[in-house]
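Inspection log for the structure reproduced underneath, given as C-alpha cells.
The values are calculated or read from the model by the stated rules, or taken from the named source; none is laboratory data. Quantities reported herein were computed from a predicted structural model and do not represent experimental measurements. For neighbour counting, all protein chains shown are included, and Cβ atoms are generated from backbone atoms with ideal geometry for every residue, glycine included. The area values use the complete protein model at the heavy-atom level, side chains included, leaving out ligands, DNA and RNA. Shrake-Rupley method; radii C 1.70, N 1.55, O 1.52, S 1.80 Å.
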Amino acid sequence: MKKVTVTEAFIHGAVSVEKTSDGLRPWRIPFDQHDLFNIDEGLGNAGKAAGVRIRFKTTARTFSLIATGGCQFDLVIDNHLVSTVCREDLEGSLDFALPEHIPHGENVLEIWLPQMSPVWLDTLVFKEGETGAAAPDDRLKWVTYGSSITHCGAAHSPARTWPALAARLKNLHLTCLGYGGQCHLDGMVARMIRDLDADIITIKCGINIYGAATLSPRSFRPALISAVQTIRDRHPATPIGVVSPVISPPRETKLNAVGYNLKMMRGHVSDAVDLLKRAGDTNLYYFDGLDIFGENNVDFLPDDLHPNGDGYEILGRNFARIVLNKLIG
C-alpha cells in the first residue's frame, strides 16, 4: 500500500490548521488566537469542520482516508456528490470507491468533512502504483458568515449543507463561517473576515442576536455597519451580500428580552445597508431572508427555527439563484 500524508496543501475551507499528534486539525478561526475568539466558550463550534474538505488528484479507483473524528464524509467530483461514507466509531479507515461512470485516469477529488465534528486528518492510502497528490483550487473564493442555520447540523451530509450546495452549484471555493449559536457580529470575527482571501463575502445575521438578546434595536445597526466597515478595510471593492433572517414563525412578531423581533430586524438590516451605500459603498447588497426561505417553506422547519435536510437544500438552491448570481455578476 502507498500512504500519502495529508498536509496543509490538501486542506481547503479552513481558516487555520493545527498540527497535533493525531494529525492535522482544521479550524474555522485562527486556532492560535482561540482564547481571544472563544470567550466563555462561545465559539467552540469553530473547531468543527463545516465546509472543510481535502482536495487531491489521483489515478486510484479505490482509496482510504485515515482520520479521527466524525461519522459522515462525502466524496465529490466536479461538484457532484458521488458517495457518502459513514462509520459508527470516530476512528480508523474510511474506504472510498469511484463509481463506474467516472472516467479512468487522473481525477480531482474532494472529501467533504463532517460539519458537526472536529476532525484530525492523517493519511490517504492508495494501492501501489497509484498516484495521489494535493490539488490546487483557483476558483473564486466565497466566505460566508452566519449562525447554526449556516452551520447546518440537520443537513443530510457534509456536502449537502446549504453553503456547500450553493458553492457546488456556482463552482466556488467555500469558506463556511457558520457557528451554531454564535453569529453575534463579534469584532474578532469581522477582523478575521477582513484578513481572509475572498472574492465574494456574505453575512447572514440576526437570529442568534434575537435569540440571545445580545444586541438591541439601538445597537444592532451600528454593529452591522461596523462589521462591514471593518471588512472593507482590506476588501474595498469585494462584493458583499448582507442577508436578513429567514423565516421563523414564532419569532416574526414576538418581542425578545430587549424588545426586538425578526420583522424589525429585517428592516434594520436593510437600513444599515442603505446607510452604507449612501456613504459610498457601491458593491454592497441587501437580500431579504424571506425571499430565500420564507412563508412557502415553513413545512421544512421542524422546530420552527432550523430547516431539516430537505429545507437546507431548498435554502441552498435559492441562495445560489438569488444571492450568488447577483454577487458573481
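A few remarks follow.
- Some residue of the stretch 311-320 being without any contact (Cβ under 8 Å) to a residue 40 or more places away in the chain and open to solvent by 70 Å² or more (accessible area, probe 1.4 Å): no
- Residue pairs whose Cβ atoms lie under 7 Å apart, sitting 6 or more positions apart in sequence or on different chains, and linking a residue in the stretch 278-298 that is under 14 Å from P245 (Cα atoms) to a partner that is open to solvent by 20 Å² or more (accessible area, probe 1.4 Å) and of a type in the set (A, V, I, L, M, F, W, C), are F287/I322; D291/I322; I292/I322; F293/I314; N297/I314.
Residues are listed down the side, and each one gets a yes or a no for (1) modelled with pLDDT of 95 or more; (2) of a type in the set (S, T, N, Q); (3) farther than 16 Å from V6 by Cα:
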position	(1), (2), (3)
E41	no, no, yes
A49	yes, no, no
R55	yes, no, no
L65	yes, no, no
G69	yes, no, no
I77	yes, no, yes
V85	yes, no, yes
L90	no, no, yes
N107	yes, yes, yes
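- Residue match in the stretch 64-80 (condition: of a type outside the set (S, T, N, Q), over 25 Å from the mean Cα position of the chain (by Cα) and farther than 19 Å from W27 by Cα): no
This table checks each residue for (1) within 26 Å of Y312 (Cα to Cα); (2) touching a helix residue (DSSP H, G or I) at 6+ places or on another chain (Cβ under 7 Å); (3) at pLDDT 95 or above.
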| position | (1), (2), (3) |
| --- | --- |
| H184 | yes, yes, yes |
| D199 | yes, no, yes |
| R232 | no, no, yes |
| L276 | no, yes, yes |
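- Answer residue from the stretch 192-223, given it is out of contact with any Lys or Arg (no Cβ under 9 Å at 6 or more places or on another chain) and of a type in the set (S, T, Y) and is least open to solvent (accessible area, probe 1.4 Å) among those: T202
- Beta carbons closer than 6 Å, at least 6 apart along the sequence or on distinct chains, pair a first residue in the stretch 130-149 that is in contact (Cβ under 8 Å) with a residue 24 or more places away in the chain with a second that is among the hydroxyl-bearing types (S, T, Y) and assigned to a loop (DSSP other than H, G, I, E, B) for E130/T59; T131/T59.
- Some residue of the stretch 301-310 being surrounded by fewer than 18 Cβ atoms within 10 Å (Cβ to Cβ) and assigned to a helix (DSSP H, G or I): yes
- The set of residues in the stretch 56-105 being assigned to a loop (DSSP other than H, G, I, E, B) and either surrounded by 14 or more Cβ atoms within 10 Å (Cβ to Cβ) or in contact with a helix residue (DSSP H, G or I) (Cβ under 8 Å, 6 or more places away or on another chain) (or both) consists of T59, A60, R61, G69, G70, C71, N79, R87, L90, L98, I102.
- Filtering the stretch 248-270 to residues that are open to solvent by 10 Å² or more (accessible area, probe 1.4 Å), touching a Leu at 6+ places or on another chain (Cβ under 6 Å) and either in a helix (DSSP H, G or I) or touching a residue at least 24 places away in the same chain (Cβ under 8 Å) (or both) leaves R251, N261.
- The one condition from (1) open to solvent by 10 Å² or more (accessible area, probe 1.4 Å); (2) part of a loop (DSSP other than H, G, I, E, B) that T175 does not meet is (2).
- If you go through the stretch 113-171 and keep only what is open to solvent by 50 Å² or more (accessible area, probe 1.4 Å), among the acidic types (D, E) and either assigned to a strand (DSSP E or B) or at pLDDT 95 or above (or both), you end up with D122, D138.
- Residues (more than 14 Å from A133 (Cα to Cα) and open to solvent by less than 10 Å² (accessible area, probe 1.4 Å)) located in the stretch 39-55: L43, A46, G47, A49, A50, G51, V52, R53
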